[in-house]
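Read through the structure below, which is laid out as C-alpha cells, and then see the notes.
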Amino acid sequence: MNIAFEFRSKKDFSNIEVRLTYKEDNSFKSIRSQLQIKVTKNFWQEYKNNKRFRDGEKQNLKTDLDNHLQSVKDYLLEESNKTKTIDKDWLNNALINYYNPKMNEVIPSGLLDYFDYYLGLREHELKSKLSSWKKWVSIRNLLAKFQSFKKQKYEVVDVNEQFLKDWTAYGLKNQYAPETIKKNFTFIKTVCVHARINGMPTSLSLEKLQVRLKDEVFPKIYLSFEELDKIKATTFNDDYLDNAKDWLLISCYTGQRVSDFLKFTSSMIRITDGKRYMDLRQQKTSKIISVPILPEVEDILQKRGGEFPRKISDQRYNEYIKEVCKRAGIDTPTRGKKAEVVGKGEVREIAGEYPKYELITSHCGRRSFATNYYGKVPTTYLKDITGHSTENMLLVYIGKTSKDTAKESFDYFINAKK
C-alpha cells in the first residue's frame, strides 16, 4: 500500500488530502479522504518542492506539517495491518479515530496553557538545539508577563487584531526592538496554527495577522584598518588583555568565526611555495578552507615564538576585547544594540547610541575582514575565505546594496574599452 498527500482544491486555503493506492484482485485502486489540516496552495507547492524556508513562521509550519503527515502515515499503515478490507469507509473511519482518539486527552484552549502543551509535544526536538529551546521558553515567559500586565487570561481564539495591537504596544513600552516584537509574535502565531490543526477554534483573521513596524537599520559594526592600527599600537601591561588583543587582530586578518579562530594552532599551518596558510574545517558549515597568513598575523606568531596566543573562552574573549578597544580609543558614538540587564535579571538587547567599544563582539573580526578587503580583493576569493556560499550572501553580510556595487563598479565599466 502506498500513501501520498495532495492539495487538490481550487481554493487558495484548503485541507490536504491523503491518497491510498493498494492492490486488489490484480488491479490497483485508489481512495482519498481529507485530513484535518489546512494550508495555502502556495505554501504546499513550496513544501513539495523542498524549498528551504528562511521565514521563521514557515519553518515552524513545515516542521508541524512534517510531523503531522508522518504521524498520519504511520497510523494508517498500522491500522491497515489489522483489517482485511480496505475501502473508502475504512479510510474515513480510520481518520475519524486518528483525530478523535479514544483516550480522553484534554487539549487546553487557553493560549498560555496551549503554549505549554505545544512545548511538551516538541520538547525532545527543541532541546536537541539548546538555543532553540531557550528561545521558545523565553517567549513563553514573555507571554506570561504580557498576560499578567493585561490582567487577562487569553484563549487561543483571542489572538486577533486587538491582541496584536496590544502585543505591539506592550513590546514598544518595554523597549523591545521592532524586529524582536515581530519575531516573538511569529512564535505565538505558530502555536495558534498548531492549535487550529488540533481542532481548536482560532480567530478568522489569524492568517493575516502581522506586526507592522518599521525595522531600524543599524550600521554593521566592524573595525577599520585605521582602528586596527590603533589597536596594534596600544600596549598592555596586563597579559590577559595583550592576549585578547592578539586574538582580536588574528580574527580581523583571517575572517573566521570565534568557534574556529580560537582553536588555531601552529600545527594547522601549511607552507606552499614559501607562502604560509591556515587549513581548517569550519565548525558551523563543515567547509574546508585555506586562509593566507597575512603579515599582521605573522607578526603575532613571531612575537609568540611561532605559536598562537593562549586559549580563552568565548565569554572572556567578548569581555576582554571591549576593554582592549576602549583603551585603544575606539570610542566613536555609534548607533547599535547592546545586551543590558533589565527588570529582574532579564538580559535584553537595547537600541541606543554607545561608545563603539561597547558594541564590539567576537563577530566583529570576521565582518571587519570581509568589509576591509571588499573591493581590494576579488569577491570570489574573499567569500572562499570567509566561507560564504554566494557573493550575494557576502554582500548582505557586510551591508552592501545594489547601489553600492553599482557605484563601485562604475570605473570598471568606463575603463572596459581602454
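The figures follow:
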{"read-out": "Relative contact order computed over the stretch 2-99 (Cα-Cα under 8 Å; 6+ residues apart), in percent", "value": "23"}
{"read-out": "Other-chain or far-sequence residues with amide H under 5 Å of K287's (modelled H)", "value": "Q282"}
{"read-out": "J(HN,Hα) series, the stretch 92-99, from Karplus relation 6.51 cos²θ - 1.76 cosθ + 1.60, nearest Hz, glycine and proline x", "value": "4, 5, 4, 5, 4, 5, 5, 7"}
{"read-out": "Against the rule of thumb 2.2 N^0.38 Å, how large the Cα Rg of the stretch 127-208 comes out", "value": "1.10"}
{"read-out": "Candidates per GluC sites (Glu not before Pro) in the stretch 48-103, loop by DSSP, up to 16 other Cβ within 10 Å", "value": "none"}
{"read-out": "For the stretch 1-68 versus the stretch 224-284, the gap between their alpha-carbon centres in whole angstrom", "value": "50"}
{"read-out": "Interchain or long-range residues, amide H under 5 Å from F308's placed H", "value": "S266"}
{"read-out": "Label zone at E6 (point 7 Å along Cα-to-Cβ), backbone N below 19 Å, the stretch 32-57", "value": "32-50"}
{"read-out": "Kirkwood-based Rg to Rh ratio, the chain, C-alpha trace", "value": "1.07"}
{"read-out": "S131-K73 FRET efficiency (beta carbon distance; Förster radius 35 Å; 0.05 resolution)", "value": "0.70"}
{"read-out": "Karplus-derived 3J(HN,Hα), 6.51/-1.76/1.60, for each residue of the stretch 33-45, Hz, glycine and proline x", "value": "7, 7, 8, 8, 8, 10, 9, 7, 4, 5, 5, 4, 5"}
{"read-out": "Which of D331, D55, D260 has the fewest Cβ neighbours within 10 Å, and the rest in rising order", "value": "D55, D331, D260"}
{"read-out": "Cut-off 11 Å (backbone N to label point 7 Å along Cα→Cβ of R281), residues of the stretch 355-389", "value": "none"}
{"read-out": "Full-stretch length increase - A233, D87 - with 0.36 nm per residue and alpha-carbon distance subtracted", "value": "44.4 nm"}
{"read-out": "Taking only Cα atoms of the stretch 2-99, radius of gyration then Dmax in Å", "value": "14.7, 48"}
{"read-out": "Cross-link pairs beyond the 26 Å C-alpha cut-off, checked among K38/K88; K62/K338; K135/K338", "value": "K62/K338"}
{"read-out": "Within straight-line cross-link reach of K275, lysines at Cα separation under 19 Å, skipping those fewer than 8 residues along the same chain", "value": "K303"}
{"read-out": "Selection from V157, W90, S131 lying farthest towards where the dipole of the stretch 67-226 points positive, charges on Cβ", "value": "S131"}
{"read-out": "For the stretch 280-286, 3J(HN,Hα) per residue [Karplus equation, 6.51 cos²θ - 1.76 cosθ + 1.60, θ = phi - 60°, Hz, x = Gly/Pro]", "value": "8, 9, 5, 5, 6, 10, 6"}
{"read-out": "Amide hydrogen neighbours beyond the local backbone of V39, cut-off 5 Å, H modeled", "value": "S14, I16"}
{"read-out": "Cα pair count fraction exceeding 32 Å, expressed as % - the stretch 225-414", "value": "19"}
{"read-out": "Percentage, to the nearest whole number, of Cα pairs in the stretch 131-268 over 22 Å apart", "value": "58"}
{"read-out": "Gain upon complete extension [S148, Q59; 0.36 nm per residue less C-alpha separation]", "value": "29.1 nm"}
{"read-out": "Extension gain from D66 to D166, taking 0.36 nm per residue of separation minus the Cα-Cα distance", "value": "32.8 nm"}
{"read-out": "Distance violations [Cα-Cα > 32 Å] among K287/K376; K127/K400; K182/K220; K182/K376", "value": "K127/K400; K182/K376"}
{"read-out": "Hits among lysines - C-alpha to C-alpha of K84 under 27 Å, sequence gap 8 or more where chains match", "value": "K23, K29, K73, K102"}
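Taken together, the values in this text are just the output of simple stated rules run on the coordinates, not laboratory data. In this text, all values refer to a predicted model and were calculated from it rather than measured experimentally. Neighbour counts run over all protein chains shown; Cβ positions are idealised from the backbone, glycine included.
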